[in-house]
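Here is the structure we will look at, set down as structure tokens.
What follows draws every value from the coordinates through simple rules; no lab data is involved. Note that the structure is a prediction, hence the values are computed from the model and not measured. For neighbour counting, all protein chains shown are included, and Cβ atoms are generated from backbone atoms with ideal geometry for every residue, glycine included.
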Amino acid sequence: MSNDTANLGELWRVRNAAAVTLGLTEDHMRQAVRAASVEQLVGLIETFSPACSTGTEWTRTFEPLVERLWAWRDDATMAALAEVFRARGMPWMAVTNALSAEHGARTRAELRQPAWARLPAFTLG
Amino acid sequence: MVLMQAAATVDRLRDEIQGVRYREATTTFCRLVTEENRPLKAMIKEAIAAAAPYVQVPSHMMHLPTGEMRGVNYDHTILGWRGAISLMGELGGSRGILPNIQAMWYVPQGLNVWEQVICEFPGHYARDGEQCNRKFPGPDEHVDRFDGPAWNPPKIYFEDHDPIEGGSVEDRLARMTWAIAEGDKAEAYGLFLGLAKDPGNRQRLKDAILFSGIIDLQDTIINRGGYQNIGHKALRARALVDIADYLGWDDSHELIYTVVPDLACSPHLHGLWSEISNICRMELPGHASIPKRSDQPFTERELDILTEALLWGGPYDVNGAIMGLFKRGAGILDVGDAVIVCFQRYLIDVLEHPNAFLHPTHALDYMNVVQSWTRNHDNPHQVKAVFMGARFMNDTVRSNAMFPRDPNSALEPRRHHRAWADGIAVDRLLPLLKQHLLAQDAPRSCALVDSYLERTSERHDLLDTITYAACHWQNDPHVMRNGASSLEEFRHNRTSRHDDIIRGYAKHQARYIKRAPTHDCYRVYADYFQPANA
């Protein structure tokens, strides 16, 4: 085995370790999201307001969160969330649109889970 | 068809401008040029003169009764003229007159901004941004009275002044720079007028006014509301320099009246300038002697690293990336070129919502002022201005990223239409591009541009097509200004990725929010100037 091949193998081991860590984190997140009340989810989504966000790195993870909400929660919960933000008007329009049934249908249709993968192909963000 | 009307006169043009009768003013302007054979340049001067007393505001921050403050927009009338004059040469012939007619169309809508934002005067801000007619409707619900005409004469917030003369040129330039930074409008304006009288002073005066404009820039627009200038001090300074060179400095009194007092208008934002000055003093002690160009082109990897910092990094990542390029021996204009092409990836790949283009393209126009200043003047502070421009760009990216992305404004990827574009004969691409730009179909427009760029080395006609289509849209001087910036930077850019400027320009003009859905101004222009290939 050449040095280059050994290096590639080492990098792949590191990558796999990161994937395992991420997979476990996603699983904990899934359990937490499934257990959360609508009020708790509203509280989480509110942290994506420009006035509350800790910065661009946080806000940029909004879409990955929305993917997971559509993957892990039922339509009734999502409709309740959408209603909360729709009532807040224009400033929350982007969030309301992300929680709309049409966007949910698109998101769910695009999430694929090949046979070899433990998780759907979520956006990492 | 042109209807019979009373004689077109300059007095009439002035009355129509000040009365916010923009359709009539535009028609009179066209008639003065076509029927009365008045030189276009002279009519531009008259239009600027008619607006000049009415474009100043007491401050760009308005104190509200609640104790809070709101921003007051910067005058855009002069920015339209600067863009139009620049594009006139690019488009050529009667087509080159179109951006000037668009500038004229906007002028009456851009007066008395202070009154517009409080719904006491008609115009673009009152009608569109403030939606004043909803708050204060007139007797006819079908008429937006904030579209004009005016019911009051516009207010004058800063009277014309006499030149200030006497003392050495060196001393007067220093006093003027100080007066601008400290907010003494009368002193700044009077000194500028006095210095501008002598042709021997003008090159130094241009350098000084550009410097004063460039260093006044917010450190961030994130959650700042109106406490920012989004580069308008620099943009105004550039407009003054370019238009004075076009009109002739001896014919530029009203132009100077339009621009210089506002450069001294509050707020004054020198925090970013102080930061960049500090880091250059600490890390680039020889920055004043860095050459404008080096003979070491950037590697693709270097451009990728800079792109990553500008689009996805924070302010210190940007500082580090720019610092690294200067430390490895790059020239000022080289780094400026790199900043401009790397930023295009944001326009090309990331931006989707039509409203989200506004601040990033202001940053691009600011960077164009920096590059133009560096190309045409020698000033020991020019290295710092490149940092300023890059930081402004990065800040607008991060400001947009503070808002969750709206899936309803998602754009179809341009690559979906690439096979379609590649199937069209090259000589059919540009007419089709014009159609798709006018239809505001960004994915297809961008696919056509991608295909054209890869199948031919021709660029002039491509830029002409994008620019001419863009100039069909009315009520927005940003269109002309950004066109002028993009074309100028494309011509000067020496990086391997300079075609990305065209890609970004096309995306911008195919997607940026339009202030009116109709082309009434274009039709007035076409009636009078009958352009070929209309």
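Cross-link reach is defined here as a Cα-Cα straight distance under 17 Å, omitting same-chain residues fewer than 8 places apart; for B:LYS155 none of the lysines meet it. Counting neighbouring Cβ atoms within 10 Å and putting the fewest first, the residues B:THR220, B:THR66 line up as B:THR66, B:THR220. Taking 8 Å as the Cα distance limit and 6 or more residues as the minimum spacing, I'd like the relative contact order of chain A as a percentage. For chain A, the relative contact order is 22 percent.
Need the C-alpha centroid separation for segment B:135-205 versus segment B:486-534, integer Å. Taking the Cα centre of segment B:486-534 as reference, the centre of segment B:135-205 is 30 Å away. Using only the Cα atoms of segment B:139-262, each taken as one equal point scatterer with no solvent, compute I(q) by the Debye sum, divide by I(0), and report log10 of the ratio at q = 0.19, 0.20, 0.22 Å⁻¹. For the requested q values the scattering log ratios are -1.02, -1.10, -1.25.
Shape summary: segment B:60-117 maps onto an equivalent ellipsoid whose semi-axes, from the alpha-carbon gyration tensor, are 34, 10, 5 Å in decreasing order.
Neighbour counts of other Cβ atoms within 10 Å put B:VAL370, B:VAL117 in the fewest-to-most order B:VAL117, B:VAL370.
For each of A:THR56, B:THR177, count neighbouring Cβ atoms within 10 Å of the residue's Cβ, then give the residues from fewest to most.
B:THR177, A:THR56
Coupling constants for segment B:510-521 follow from the phi torsions by the Karplus curve (6.51 cos²θ - 1.76 cosθ + 1.60, θ = phi - 60°), and in residue order they are 8, 9, 4, 4, 9, 8, 7, x, 10, 10, 4, 5 Hz; glycine and proline get x. Cβ-Cβ distance of A:SER2 and B:GLN296, R₀ of 51 Å, FRET efficiency by 1/(1 + (r/R0)^6): the value works out to about 0.90. Legend: translational diffusion of the protein assembly as shown by Stokes-Einstein, Rh = Kirkwood radius over C-alpha pairs, 37 °C, 0.692 mPa s; D = 122 µm²/s. Taking a temperature of 20 °C and a viscosity of 1.002 mPa s, what whole-number D in µm²/s does Stokes-Einstein yield for segment A:37-110 with Rh from Kirkwood over alpha carbon pairs? My calculation gives 173 µm²/s for D.
Beyond 18 Å in Cα-Cα separation lie the following of the pairs B:LYS233/B:LYS292; B:LYS233/B:LYS384; B:LYS327/B:LYS384; B:LYS233/B:LYS514; B:LYS292/B:LYS384: B:LYS233/B:LYS292; B:LYS233/B:LYS514.
Any chance you could list the semi-axes, whole Å, largest first, of the equivalent ellipsoid that the Cα gyration tensor gives for segment B:403-489, using √(5λ)?
Equivalent-ellipsoid dimensions as semi-axes: 21, 20, 12 Å.
Averaging over all projection directions, the Cα-based convex hull of chain B occupies 25.5 nm² in the image plane.
Relative to the compact-globule estimate of 2.2 N^0.38 Å, the Cα radius of gyration of segment B:271-401 comes out at 0.99.
Remark: segment B:380-534 is approximated by an ellipsoid whose semi-axes, taken from the C-alpha gyration tensor as √(5λ), come to 26, 20, 19 Å, largest first. Cross-link partners for B:LYS507 among the lysines, with Cα-Cα distance under 18 Å and sequence neighbours closer than 8 places in the same chain left out: B:LYS434. Working from label points 7 Å from Cα in the Cα-to-Cβ sense, the B:GLU68 to A:THR54 distance is 2.7 nm. Solvent-free Debye calculation, one equal scatterer per alpha-carbon of segment B:10-139: log10 I(q)/I(0) at 0.23 Å⁻¹ equals -1.32. Measuring r between the beta carbons of A:LEU44 and B:ARG23 and using R0 = 45 Å, the FRET efficiency lands at 0.30.
The label point for B:GLN440 and the one for B:GLU170, both projected 7 Å from the Cα toward the Cβ, are 5.6 nm apart. Partnerless cysteines in the protein assembly as shown, where a partner means another cysteine C-beta under 4.7 angstrom, comprise A:CYS52, B:CYS30, B:CYS265, B:CYS280, B:CYS342, B:CYS446, B:CYS471, B:CYS521.
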